[in-house]
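S.K.: Attaching a single structure in structure tokens format; questions to follow.
The values are calculated or read from the model by the stated rules, or taken from the named source; none is laboratory data. Just so it is clear, the structure is predicted and the values come from calculations on it, not from any experiment. Note that we place each Cβ from the backbone using ideal geometry, even for glycine, and neighbour counts take in every protein chain shown. For accessibility, only protein heavy atoms count, side chains too; no ligands or nucleic acids. Shrake-Rupley method; radii C 1.70, N 1.55, O 1.52, S 1.80 Å.
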Amino acid sequence: MDYKIIKEEEAFKAERENWNKITGEMVNATPFQTWEWNYIWWKNNEPKNSLFIVKAFEQKQVYGYAPMVVKNNKIEFIGGKDMDYGKFVVVKKMLPIIEGFLSLFIEQGYELALQEMASRDSQLHMVEKLLEQQKYYLIHKTTRAAYIDLKKYDDFDNYFKLLSQSMRNKTIKVGLKKNLTLQTEPVTDKLLEEIQEVYFDRQEARVGNATIEWAIDVIRDMNIEKLLNVYIARDGEKAVGFLVSMNYNNNQYFWLVAFKQEYRSSFPGQLLFYKAIKDGFEENNSKVDFMRGDYDFKMRWECEIDTNYTIYVFNSLSNYLKHKLYFWLKPRIKKCIYSHPILERIYKKHG
């Protein structure tokens, strides 16, 4: 197997057809493995000189890609910690190709961070096996992910009846009586402004000032590629909530959701989930994926859970020990913070 490092934008663009052909054959591919998401995210949110894609091929046959960037002397997936599911774009000869990717990264002298690899995906376990002999190697549990297997249910009504009585009667039915309109809308500059306003209102109430500027161009460009929809909840003409849903391979991926706090008694966030899940059944989708975060507001939807891990390879004992100590301390510090209301408020505002 031969490997080629791609660092230039035009060379990246030239791989689109081969890349998406492989992604289309992958059983567990998500929108984060498509050429479009990787290019759009890199173009808008990564340093321009960071590109480090590795192409695996034999003669004219392309077998896979490692969608990577280099930042701070570390190789990581494009999107890094901001991406929900990381994996290599490969379907055939998977183990030797991934071994080749890892060997190349280590030979280059960089440290390595393979973020948000799902435990239900075989690639995580292959990488674990291949790195067993590395001296300074860590695997760290990062987040849990929540999803609904729609194929377990005959139809939406059958599924809806299995939700808790409180969810059905005190949330959804109450919210529907508020007569908010729930629909997908074309992504326009005006809609993107409304999304930013809703997000700012929500985040200000939760953690202080925050914006969604980092996602706006991604939303616009992914919508153009027909890989993303935006659901809006409106009170008359006023946008009071939104849900950004990626769509790929008959699956829905709920990426971003927010609503204005003054409308919380109308449950616009849950109503948007209701509308999108109902659409998923009508479109005969296989899965609704809430992605990272096993929050209570997601789990009320009869979700199943998986766990994501990040795999690290360090090039020095000091970096290895520093991160190992950090991963040990972090949950203990957070537990201490959340057990004290004043510390919790300070952390949410400034942390």
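S.K.: If the viscosity is 0.890 mPa s and the temperature 25 °C, what translational diffusion coefficient in µm²/s does Stokes-Einstein give for region 88-193 when Rh comes from Kirkwood over Cα pairs?
M.R.: My calculation gives 128 µm²/s for D.
S.K.: For region 186-193, take each phi angle, set θ = phi - 60°, evaluate the Karplus expression 6.51 cos²θ - 1.76 cosθ + 1.60, and give the result in whole Hz per residue in order, putting x for glycine and proline.
M.R.: For region 186-193, the Karplus-derived couplings read x, 7, 10, 4, 5, 4, 5, 5 Hz, x marking Gly and Pro.
S.K.: Tell me, what ³J(HN,Hα) does each residue in region 23-37 have, in order and in whole Hz, if you take phi through Karplus 6.51 cos²θ - 1.76 cosθ + 1.60 with θ = phi - 60° and put x for Gly and Pro?
M.R.: My calculation for region 23-37 gives 4, x, 8, 6, 5, 10, 5, 10, x, 6, 9, 5, 4, 4, 5 Hz in order.
S.K.: Next question, about the same structure. A 24 angstrom limit on the alpha carbon distance is what I want to check against. Which of 170/275; 7/87; 87/260 exceed it?
M.R.: The answer is 87/260.
S.K.: Dipole of region 117-265, Cα-centred, from +1 at each Lys and Arg C-beta and -1 at each Asp and Glu C-beta, to the nearest 20 debye?
M.R.: Charge dipole, region 117-265, about its Cα centre: 820 debye, nearest 20.
S.K.: Taking region 152-280 as the region of interest, what is the percent of Cα-Cα pairs per 5 angstrom bin, listed from the shortest bin to the one with the maximum distance?
M.R.: Per 5 Å bin, starting at 0, the Cα pair percentages come out as 2, 11, 20, 22, 20, 14, 9, 3, 0.
S.K.: Which FRET efficiency value, to the nearest 0.05, do you get for residue 340 and residue 134 by plugging their Cβ-Cβ distance into 1/(1 + (r/R0)^6) with R0 = 45 Å?
M.R.: Efficiency computed from Cβ-Cβ geometry: 0.70.
S.K.: What is the distance in Å between the Cα centres of region 82-160 and region 1-76?
M.R.: So the two Cα centres are separated by 16 Å.
S.K.: Mind checking region 237-323 for GluC sites (Glu not before Pro) that DSSP puts in a loop (not H, G, I, E or B) and that have at most 14 other Cβ atoms within 10 Å?
M.R.: Here the sparse-neighbourhood loop sites are 237, 283.
S.K.: Moving on to the next point. If I stretch the segment between residue 48 and residue 265 completely, what's the gain in nm (0.36 nm per residue apart, minus their alpha carbon distance), one decimal?
M.R.: 73.7 nm
S.K.: On to the next question. Tell me, what are the semi-axes, in whole angstrom and largest first, of the equivalent ellipsoid of region 232-271 as set by the roots of 5 times the Cα gyration tensor eigenvalues?
M.R.: Those come to 23, 10, 7 Å.
S.K.: Take the alpha carbon gyration tensor of region 4-114, find the square roots of its eigenvalues, order them as a ≥ b ≥ c, and report rounded if a/c is under 1.5; if not, report prolate when a/b exceeds b/c, else oblate.
M.R.: rounded
S.K.: Let me ask something else. In the neighborhood of residue 323, defined by Cβ-to-Cβ distances under 13 Å, what is the net charge if each Lys or Arg adds +1 and each Asp or Glu adds -1?
M.R.: Here the charged neighbours net out to +3.
S.K.: Structure shown: which of 152/178; 178/278; 21/43; 4/81 lie over 27 Å apart, alpha-carbon to alpha-carbon?
M.R.: 152/178
S.K.: Divide, for region 214-333, the radius of gyration over alpha carbons by 2.2 N^0.38 Å, where N is the residue count.
M.R.: 1.37
S.K.: Which residue, 86, 3, 134, has the largest displacement toward the positive end of the dipole of the chain when charges sit on each Cβ (Lys, Arg +1; Asp, Glu -1)?
M.R.: Value: 134.
S.K.: Further, regarding this structure: Need one value: the accessible area of residue 144 in square angstrom, 1.4 angstrom probe, rounded to the nearest 10.
M.R.: Only protein atoms counted, so the area is about 100 Å².
S.K.: Follow-up question, since we're still on this one. Quick check for me: using +1 on Lys/Arg Cβ and -1 on Asp/Glu Cβ, what's the dipole size of the chain about its Cα centre, in debye to the nearest 20?
M.R.: 1320 debye
S.K.: Rg to Rh for the chain: what is it, with Cα atoms only and Rh by Kirkwood?
M.R.: A ratio of 0.98.
S.K.: A further question follows. Under the rule of -39500 (n - 2.57) per DSSP H run of 4 or more residues, summed and divided by the residues of the chain, what mean residue ellipticity at 222 nm is obtained, to the nearest 500 deg cm²/dmol?
M.R.: -12000 deg cm²/dmol
S.K.: Give the relative contact order (percent, whole number) for the chain; include only Cα pairs under 8 Å separated by 6+ residues.
M.R.: Normalised by residue count, the contact order of the chain is 20 percent.
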